[in-house]
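Inspection log for the structure reproduced underneath, given as structure tokens.
No value in this document is a laboratory result; all are computed from the given coordinates. Bear in mind the structure is a predicted one, so any value in this text is a computation, not a measurement. Cβ atoms come from the backbone with ideal geometry, glycine included; neighbour counts cover every protein chain shown.
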Amino acid sequence: MIHVVARASIRPEMLDDYLEIVRALLPTVRAEEGCLRYEPCLDYAEDGSRAPYVTMLESWKTKAHLDAHLASAHMKAFIAEVAPMRLGKSELRILTSAEN
């Protein structure tokens, strides 16, 4: 199993629009072969404020499934659509379990 932590810094004034686009994409990605988890998260704050970061927590059966996801037409369209909303490049970490 492959895990992904992808963190994007979003222009604060565009965070709601970014999240709307991400939420619309969820059913498509979650239906992809090999997708075990695809969850957008926001930084937790006791006061309810929102930092302009979105972290995607993902799990895929194999690296090949992740590669197919990243190469899909809907992900290429998503990346192009949200590019003006991002501040810089996203941070992407690909992980495997340390348990085995």
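Things to note:
- The value for segment 2-95 of Rg(Cα) / (2.2 N^0.38 Å) is 1.07.
- Computed from backbone phi, the HN-Hα couplings of segment 63-79 come to 5, 4, 5, 4, 4, 5, 4, 5, 8, 5, 4, 5, 6, 4, 5, 4, 4 Hz, rounded to whole numbers (Karplus: 6.51 cos²θ - 1.76 cosθ + 1.60, θ = phi - 60°; Gly and Pro given as x).
- Charge dipole magnitude, Cβ of K and R +1, D and E -1 - segment 2-95, Cα centre, debye nearest 20: 380
- Summing charges over neighbours of residue 50, with a neighbour being any other residue whose Cβ is under 11 Å away from its Cβ, gives -3 when K and R count +1 and D and E count -1.
- Using just its DSSP H runs of length 4 or more, each adding -39500 (n - 2.57), the chain gives a mean residue ellipticity at 222 nm of -11000 deg cm²/dmol after division by all residues.
- Each Lys or Arg adds one and each Asp or Glu takes one away; over the other residues whose Cβ falls under 14 Å from the Cβ of residue 5, this sums to -1.
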